[in-house]
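Participant: The following block contains the structure, expressed as structure tokens.
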Amino acid sequence: MLSKLRGELLKRALLAERAGRDEDMAASLHMIWKSGVDLSSEEKEATLRAFHTVVKHRLKSLRKVKPISKNRPDPEKEIFQGFVGGVLAELEESCRDVLEILDSLLLQEKSRKAQLDLLSEKCFFSKVLLEGRAVAGKDKESEATTQCHDLFSSTLSFFKNSHSALSEQRLSLILNFSSFLVIVVGDSSAARELLEASYLESLNALKKDFSMATSQCHSLIWDIRKNLIDLNQRS
């Protein structure tokens, strides 16, 4: 019975993905995990893919609506604030759901590589949760911010010891960490230092063996360069 329900939920999730209904996809996959069964590789990948899309859309909504909610007459301001609060609540719920799943998977996983992959995902969703609160104008949660900073720092140290400077995961982690430092922590200097060091390491690695870099790697290095220029122009 449980196996049949699981199969139906997975089919429903994949159908929802094809239809572009990412919230439905995430909900179905979350139900599979809540049923207490171990997620298959396909289910893990689909779950993270769904939650990535959902939280990105909700964070994007906050970024669009929050600025235009300012300088509104009082009746309209209340409507906008209510909308922002609703989107933030949805974002927080999604992030906490997937973080709970990631913590469970980390306890089960034995492979070091797989653990690093999961830690990288945990960094991303922890950052989005705090970034959403920052965008919505909520007070900074000091303890959660410190925990997220420590998580990024330790995970990046692991990646530096085991991954090339041209690793897509390592570069993505650096971009997410720098975003966290700027938006949540408010430390542009630390973000600039992180991006500059990564950019120089990447260039040196490219000089040694250009063939090591994938097209995605080149795109990430370009993003690091662009973000570094933006930070330098703001200072």
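The values are calculated or read from the model by the stated rules, or taken from the named source; none is laboratory data. Just so it is clear, the structure is predicted and the values come from calculations on it, not from any experiment. Using ideal geometry, Cβ is built from the backbone for each residue, glycine included, and neighbour counts are taken over all protein chains shown. Keep in mind that these areas ignore ligands, DNA and RNA; they rest on the heavy atoms of the full protein, side chains included. Shrake-Rupley method; radii C 1.70, N 1.55, O 1.52, S 1.80 Å.
Participant: Give the stretch 102-112 a look and list any residue that's in a helix (DSSP H, G or I) and out of contact with any helix residue (DSSP H, G or I) (no Cβ under 8 Å at 6 or more places or on another chain), or say none.
Facilitator: 107, 108
Participant: Suppose we filter the stretch 27-44 for residues that are open to solvent by less than 20 Å² (accessible area, probe 1.4 Å) and of a type outside the set (Val, Ile, Thr); how many remain?
Facilitator: 4
Participant: Hand me the list of helices (runs of 4 or more DSSP H) wholly inside the stretch 135-235 holding 1 or more residues that are open to solvent by 70 Å² or more (accessible area, probe 1.4 Å), in contact (Cβ under 8 Å) with a residue 24 or more places away in the chain and aromatic (Phe, Trp, Tyr).
Facilitator: So the answer is 142-162.
Participant: Mind counting the residues in the stretch 1-26 that are open to solvent by 50 Å² or more (accessible area, probe 1.4 Å), outside any loop (DSSP other than H, G, I, E, B) and within 23 Å of residue 86 (Cα to Cα)?
Facilitator: Of the residues in the stretch 1-26, 2 are open to solvent by 50 Å² or more (accessible area, probe 1.4 Å), outside any loop (DSSP other than H, G, I, E, B) and within 23 Å of residue 86 (Cα to Cα).
Participant: For the stretch 25-69, give me each residue that is farther than 19 Å from residue 118 by Cβ, over 18 Å from the mean Cα position of the chain (by Cα) and touching a residue at least 60 places away in the same chain (Cβ under 8 Å).
Facilitator: 66
Participant: Give the stretch 105-117 a look and list any residue that's open to solvent by 20 Å² or more (accessible area, probe 1.4 Å) and either within 19 Å of residue 152 (Cα to Cα) or within 12 Å of the chain's Cα centre (by Cα) (or both), or say none.
Facilitator: 106, 107, 112, 113, 114, 115, 117
Participant: Ok, one more. Pick out the one residue from 104, 61 that is among the hydroxyl-bearing types (Ser, Thr, Tyr), over 20 Å from residue 151 (Cβ atoms) and at pLDDT below 95.
Facilitator: 61
Participant: So which of 153, 126, 142 ends up being among the small types (Gly, Ala, Ser) and within 17 Å of residue 59 (Cα to Cα)?
Facilitator: After applying the criteria, what remains is 126.
Participant: Within the stretch 53-89, can you find the residues that are within 21 Å of residue 126 (Cα to Cα) and either surrounded by 18 or more Cβ atoms within 10 Å (Cβ to Cβ) or touching a strand residue (DSSP E or B) at 6+ places or on another chain (Cβ under 9 Å) (or both)?
Facilitator: 54, 55, 58, 59, 61, 62, 66, 84, 87, 88 - these are the residues of the stretch 53-89 that are within 21 Å of residue 126 (Cα to Cα) and either surrounded by 18 or more Cβ atoms within 10 Å (Cβ to Cβ) or touching a strand residue (DSSP E or B) at 6+ places or on another chain (Cβ under 9 Å) (or both).
Participant: Okay, next question. Read through the list (1) open to solvent by 30 Å² or more (accessible area, probe 1.4 Å); (2) of a type in the set (Ser, Thr, Tyr); (3) modelled with pLDDT of 90 or more, then give the number of the only condition that residue 47 fails.
Facilitator: Among (1) open to solvent by 30 Å² or more (accessible area, probe 1.4 Å); (2) of a type in the set (Ser, Thr, Tyr); (3) modelled with pLDDT of 90 or more, the lone unmet condition for residue 47 is (1).
Participant: Please give the number of the condition residue 125 fails out of (1) in a helix (DSSP H, G or I); (2) out of contact with any Cys (no Cβ under 7 Å at 6 or more places or on another chain); (3) touching a residue at least 12 places away in the same chain (Cβ under 8 Å).
Facilitator: The single condition residue 125 does not satisfy is (2).
Participant: Modelled with pLDDT of 85 or more, part of a loop (DSSP other than H, G, I, E, B) and either in contact with a Gly (Cβ under 8 Å, 6 or more places away or on another chain) or at positive phi (or both): is that true of residue 36 in this structure?
Facilitator: Criteria not met by residue 36.
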